[in-house]
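Structure record follows, encoded as structure tokens.
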Amino acid sequence: MSSERVQPYEQKMEKTLSHLETDLQAVRAGRANPHVLDRIRVDYYGSPTPIQQLANVSVPEARIIQIAPWEKKMLKEISRAISASDIGINPTNDGTMIRLVFPELTGERRKQLSKDVKKMGEEAKVALRNIRRDGNEAFKKLKKNEDVSEDVVSELQDELGKVTDKFVKKIDKAIEEKTQEIMTV
């Protein structure tokens, strides 16, 4: 549907949206979500490794994540990495597995998380607008360098604007869904 000149910008916008969705998964919404561990790296024989590659991660109850390392000596390393991270939960180590108990979110904390999520959405929209601006500038250069008519440049800019609008709606929807998830008690 989109022309080959608009396609690279559409792909960049797709990456922006998927990056936002990944960031939103890491936001704690009062329920245990194993994705909060995605950014945490554990020192595994000198190599920073994701927890999911070192242990079995499960959610036995709505507010508990269990981490059962395949090597028992990794318990301390995983606990240390979680404590040093920004998820704000202290790990409980019973000698065989680690438990993360998510406290019930207070109304104040829910409001703060909602603001954070909206800010993430705004940053993603700024990134989309920057991509659109870069595209529009590239299309203007086409007019000078390749002797493309002003009508063609205008059509390309309109098409890029429609693609941008489509992605802005997708970002708004993702933000709305995450905010609703956070505010649901």
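The values are calculated or read from the model by the stated rules, or taken from the named source; none is laboratory data. Being a predicted model, the structure only gives us computed values, none of them experimental. Virtual Cβ from ideal backbone geometry, glycine too; neighbours counted across all protein chains shown. The area values use the complete protein model at the heavy-atom level, side chains included, leaving out ligands, DNA and RNA. Shrake-Rupley method; radii C 1.70, N 1.55, O 1.52, S 1.80 Å.
Just name the residue that is nearest to ASP23 (Cα to Cα) out of those in region 152-178 that are at pLDDT below 90 and β-branched (Val, Ile, Thr).
Across region 152-178, the extreme among qualifying residues is VAL153.
Please go through region 158-185 and give me each residue that is among the hydroxyl-bearing types (Ser, Thr, Tyr) and open to solvent by less than 80 Å² (accessible area, probe 1.4 Å), ordered by number.
Those that are among the hydroxyl-bearing types (Ser, Thr, Tyr) and open to solvent by less than 80 Å² (accessible area, probe 1.4 Å): THR164, THR179.
Read through the list (1) under 22 Å from the mean Cα position of the chain (by Cα); (2) surrounded by fewer than 13 Cβ atoms within 10 Å (Cβ to Cβ), then give the number of the only condition that GLU104 fails.
(1) is the only condition that GLU104 fails.
Mind telling me which of the residues LEU142, LEU113 ends up being in contact with a Lys or Arg (Cβ under 9 Å, 6 or more places away or on another chain), surrounded by 12 or more Cβ atoms within 10 Å (Cβ to Cβ) and under 20 Å from ARG39 (Cβ atoms)?
Being in contact with a Lys or Arg (Cβ under 9 Å, 6 or more places away or on another chain), surrounded by 12 or more Cβ atoms within 10 Å (Cβ to Cβ) and under 20 Å from ARG39 (Cβ atoms) holds for just one of LEU142, LEU113, which is LEU113.
Is it fair to say GLU155 is open to solvent by 30 Å² or more (accessible area, probe 1.4 Å), free of Cβ contacts under 8 Å to residues at least 60 places away in the same chain, in contact with a Pro (Cβ under 9 Å, 6 or more places away or on another chain) and not basic (Lys, Arg)?
no
Answer yes or no: is there a residue in region 120-131 that is modelled with pLDDT under 90, open to solvent by 50 Å² or more (accessible area, probe 1.4 Å) and more than 30 Å from ILE65 (Cβ to Cβ).
no
Taking region 50-89 as the region of interest, how many residues are over 23 Å from the mean Cα position of the chain (by Cα) and open to solvent by less than 60 Å² (accessible area, probe 1.4 Å)?
Matching residues across region 50-89 total 7.
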